[in-house]
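See below for the structure under consideration.
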Amino acid sequence: MITKSNLYRKEKIYGYLFILPPILGLLIFTLFPFVYSLYGSFTDWDGLGQMNFIGFDNFRDLFTDELFYKSMYNTLFLMLGIPIGLVLALLLALGLNRKIPGTTTFRVIYYIPVISSLAAVSIMWNWAYNGDYGLVNQFLELFGIKGPNWLMDKDTVKPALILMTVWKGLGYTMLLYLAALQSVSRSYYEAAELDGASGFQMFRNITWPMVKPVTFFLVVTNIIGGSQIFTEMNIMTPTGGPEYSSASIVFYIWDKAFKNLQMGYASAMAMILGIFIFIVTLIQFKMNEKSSFDGD
Amino acid sequence: MSHSQRTKVTNTIIFIVLAIGAIVMIAPLLWMLSTSVKEKQDVFALPPVWIPEVFQFGKYKEIWEAGPLLSGIKNSVIVAVSVTVVGTFTSSVAAFAFAKLRFPHKNKLFLALIASMMIPYPTVMIPQFMMFSKLGWVDTLLPLIVPGLFGNVVMIFFLRQYLLSVPDAIIEAAKIDGSSYFRLYSSITFPLIKPAVAAQLILWFMGIWNDYLAPIIYLNSPETQTLQLVIANFNATYAIQTDYPLIMAASIIALLPVLIIFLIFQKQIIESVAISGVKG
């Protein structure tokens with residue numbers, strides 16, 4: 001006879017069985033390496049010999065390491081692309097939210113760079129930025145402007161990377177904004193129109209507050225993603241660019257860990273990156289708690 | 001001007017702006033395509049030649065001999081297919097358990113999984129590398145495959161949310177009928193969530209196909225490299241010889257599979273992205 005408690009015991013066993021793989025994966029591939037990395041950041045780990053505990057030496061060294069500051073600064077600088085991308089994407093989404101022909105086609109075209117392989121588009125942009133015959137300078141020439149050698153100049157390499165990352169991510173941001181705009185009820189705008197509100201007033205008082213959660217989500221995820229930027233510089237400026245001016249923090253970690261075998265030092269940097277991302281994520285969670293989760 | 005006329009004018013202007021924007025977005029990729037079928041001297045022509053007089057498809061033949069492109073494709077397929085097929089299975093079974101089965105500490109364990117998303121790959125990549133190197137797995141595809149087989153937290157989260165909207169009554173009824181737990185998943189839940197699973201699977205596939213950081217850490221020899229590394233090496237090797245048609249042809253080959261998948265499933269993909277993003 002199947003009793004209720006018997007049934008429940010079976011359900012318990014199967015429940016644990018079904019979630020076992022991801023929980024094991026979490027322990028083996030995330031938690032254990034994380035703790036190890038934390039420990040490693042306090043050692044002179046070189047990946048080959050012994051790990052000697054050296055306390056905060058790695059962190060102290062980091063604060064006097066010019067290249068660490070530089071790669072941090074570069075990473076933060078490249079995040080200037082985030083607000084640019086958000087504004088452009090919102091404008092595009094507002095346009096696409098109107099009754100105009102071809103919206104599906106536009107959505108697909110704007111989204112194609114998002115799904116394209118980052119390695120392939122990095123190669124393409126690498127060439128587009130060529131000073132002599134790159135697409136960008138050929139375009140500028142139409143207006144009689146002589147463009148620089150974008151990736152070879154420390155003043156232009158970062159703007160060039162920003163332009164590329166905005167291009168790559170625009171479709172994704174636009175799509176999320178569009179989805180948010182489409183969930184805003186028409187009746188708000190109709191009511192506002194009857195009250196004689198201007199287009200700008202409607203944007204400020206209806207649209208902007210309604211898309212605020214999406215803006216916040218995008219800012220947070222873009223900061224997290226942006227702080228891990230790597231592929232672009234690895235392909236376009238394999239040595240870190242002129243005067244290391246395009247190396248990101250992950251580029252520097254990779255360089256130290258796998259090229260110089262300074263695993264301990266690189267782990268210390270990885271921890272700082274981890275703490276940064278942890279704080280950003282925590283802010284998101286706190287803000288999410290505040291904004292009402294309506295039912296689902 | 002009347003209201004409707006004004007709307008018409010505004011819409012026309014917006015249409016034109018969107019169209020120009022779309023051209024700017026797609027132009028670099030079209031340039032890539034056009035370059036891949038050009039003569040070498042046309043590449044540097046001023047003003048730029050967008051449509052070459054004669055289409056040279058020779059580079060698409062040459063690339064197969066110029067580098068390990070075929071083995072790159074094979075390696076990428078092996079990694080992406082094995083991870084997504086097995087990983088989707090483990091993820092969807094786990095999502096089912098988290099959404100529909102009752103067992104102690106369920107929510108705490110789920111929260112632990114979600115919290116693990118806070119730990120970014122760069123912070124765990126060094127010990128992971130040492131771990132796999134101790135196992136002798138460096139320069140094989142295993143470090144890229146094995147972690148994925150244990151499931152994907154984003155997918156588990158997404159499918160669990162999706163399953164919460166499936167009424168418990170269906171599951172309870174089948175339970176009373178004495179159906180096994182695995183059958184509950186395979187014959188009742190899975191068919192209901194198939195569209196969500198498909199969209200997530202495709203997104204994951206694209207992510208693995210396009211991944212660069214993990215492959216560059218683990219793979220050294222040309223014959224083990226994934227497609228993305230192979231084309232990056234094409235770039236490093238042939239840029240010196242300014243053989244851009246060759247590099248671009250190889251890059252097009254790297255883009256093509258995901259582009260085709262995207263164009264076929266664009267509706268589901270776009271919807272899935274929009275839902276997961278907006279609900280954040």
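Look at the alpha carbon pairs under 8 Å that are at least 6 residues apart: their mean separation over the length of chain A gives a relative contact order of 28 percent. When the Cα positions of B:ILE193, A:VAL121, A:GLY131 are compared along the charge dipole of the protein assembly as shown, B:ILE193 comes out farthest toward the positive end, with charges on each C-beta of Lys, Arg, Asp and Glu. On the accessible surface of the stretch A:4-61, probed at 1.4 Å, how many percent belong to carbon and sulfur atoms? Of all accessible area on the stretch A:4-61, carbon and sulfur atoms account for 67 percent.
Counting only other chains, and only Cβ atoms inside 10 Å, what mean value do you get across the residues of B:201-208? It would help to have the intermediate numbers written out before the result.
Working: counts 0, 1, 1, 0, 0, 4, 1, 0.
What the average comes to for B:201-208 is 1.
With the simple model of a label 7 Å out from the Cα in the direction of the Cβ, B:PHE55 to A:SER198 spans 5.3 nm. Dividing the alpha-carbon radius of gyration of chain A by the rule-of-thumb value 2.2 N^0.38 Å gives 1.29. Label zone (A:LEU20, point 7 Å along Cα-to-C-beta; backbone nitrogen cut-off 17 Å) within the stretch B:142-169: B:149-151.
Here the spin labels are modelled as points 7 Å beyond Cα on the Cα-Cβ line, and at A:PHE63 and B:ASN11 they lie 6.2 nm apart. Report, to the nearest 10°, how far helix B:121-134 tilts away from the longest principal axis of the Cα atoms in chain B, using its own Cα long axis and a range of 0 to 90°. Roughly 80 degrees between the two axes. A straight Cα-to-Cα reach below 20 Å connects A:LYS212 with the lysines A:LYS286, A:LYS290, B:LYS279, residues fewer than 8 places away in its own chain not being considered.
Does the stretch A:223-264 come out rounded, prolate or oblate, given a ≥ b ≥ c as the square roots of the eigenvalues of its C-alpha gyration tensor, rounded meaning a/c under 1.5 and, failing that, prolate meaning a/b above b/c? Provide the component values of the computation, followed by the final result.
Values: a/c = 2.02, a/b = 1.16, b/c = 1.73.
Oblate shape, in that a/c is at least 1.5 and b/c is the bigger or equal ratio.
Going down the list A:LYS168/B:LYS40; A:LYS10/B:LYS106; B:LYS100/B:LYS175; A:LYS146/B:LYS40; A:LYS146/B:LYS38, which pairs span over 19 Å between their C-alpha atoms?
Working: A:LYS168/B:LYS40 28 Å; A:LYS10/B:LYS106 15 Å; B:LYS100/B:LYS175 11 Å; A:LYS146/B:LYS40 23 Å; A:LYS146/B:LYS38 25 Å.
In this structure, A:LYS168/B:LYS40; A:LYS146/B:LYS40; A:LYS146/B:LYS38 lie more than 19 Å apart at Cα.
In a reduced charge model with +1 at each Lys and Arg Cβ and -1 at each Asp and Glu Cβ, the stretch A:4-61 shows a dipole moment near 780 debye about its Cα centre.
In this simple spin-label model, placing a label point 7 Å from the Cα along the Cα-to-Cβ direction at both A:GLU243 and A:TYR73 gives a separation of 0.8 nm. Neighbouring Cβ atoms from other chains, within 10 Å of the Cβ of residues in A:270-280, number 3 on average. Backbone phi angles across the stretch B:251-256, fed through the Karplus curve with coefficients 6.51, -1.76 and 1.60 (θ = phi - 60°), yield HN-Hα couplings of 5, 4, 4, 5, 7, 3 Hz in residue order; Gly and Pro are listed as x.
Chain A and chain B together bury an accessible surface of about 8300 square angstrom, both sides counted, with a 1.4 Å probe and no ligands or nucleic acids included. Between the stretch A:41-98 and the stretch A:143-171, how many Å separate their Cα centres? Rounded to whole Å, the Cα centres lie 20 Å apart. Contact order, relative form, for chain B: 31 percent (alpha carbon pairs under 8 Å, 6 or more residues apart, mean separation divided by residue count).
Working note: 222 nm ellipticity from helices only, DSSP H runs with n ≥ 4, each -39,500 (n - 2.57), summed and divided by the residues of the protein assembly as shown, gives -23000 deg cm²/dmol to the nearest 500. If only the Cβ of Lys and Arg carry +1 and only the Cβ of Asp and Glu carry -1, the dipole of the protein assembly as shown around its Cα centre is close to 1920 debye. Relative protection proxy for B:122-134, A:188-200, from highest mean packing down: B:122-134, A:188-200 (other beta-carbon atoms within 10 angstrom). Amide H contacts for A:THR43 (H built 1.01 Å from N in the peptide plane; partners 5 or more residues away or on another chain; cut-off under 5 Å): A:ILE54.
For the ranges A:56-68, A:221-233, what's the packing order if you count other beta-carbon atoms within 10 Å of each residue, average per peptide, and put the highest first?
Numbers: A:56-68: 14.2, A:221-233: 20.3.
Answer by packing, highest mean first, reads A:221-233, A:56-68.
Here the stretch A:177-200 and the stretch B:1-79 have alpha carbon centers that stand 37 Å from each other. A convex hull fitted around the alpha carbon atoms of the stretch B:3-58 yields 97 Å³ per residue.
Let me know the mean shielding of B:21-30 by other chains, meaning the per-residue number of their Cβ atoms within 10 Å of its Cβ. Provide the component values of the computation, followed by the final result.
On the way: counts 9, 9, 1, 3, 10, 5, 3, 11, 7, 0.
Per-residue shielding by partner chains comes out at 6.
Taking all protein chains together, B:ILE51, A:ILE283 sort by accessible area into B:ILE51, A:ILE283, largest first [probe 1.4 Å]. For the stretch B:31-163, the dipole from Cβ point charges (+1 on Lys and Arg, -1 on Asp and Glu) about the Cα centre works out to 880 debye, to the nearest 20.
Projecting the Cα atoms of B:TYR60, A:THR104, B:LEU33 onto the charge dipole of the protein assembly as shown, computed from C-beta unit charges around the Cα centre, puts A:THR104 farthest toward the positive end.
Taking amide hydrogens as placed 1.01 Å from N in the peptide plane, the amide H of B:ASN152 sits under 5 Å from those of B:SER91, each at least 5 positions away in sequence or on another chain.
The values are calculated or read from the model by the stated rules, or taken from the named source; none is laboratory data. What you see is a predicted model, and the numbers here were worked out from it, not measured in a lab. Note: ideal-geometry Cβ built from the backbone for every residue, glycine included; neighbour counts use all protein chains shown. We work out accessible area using only protein heavy atoms, side chains counted, and drop any ligands, DNA or RNA first. Shrake-Rupley method; radii C 1.70, N 1.55, O 1.52, S 1.80 Å.
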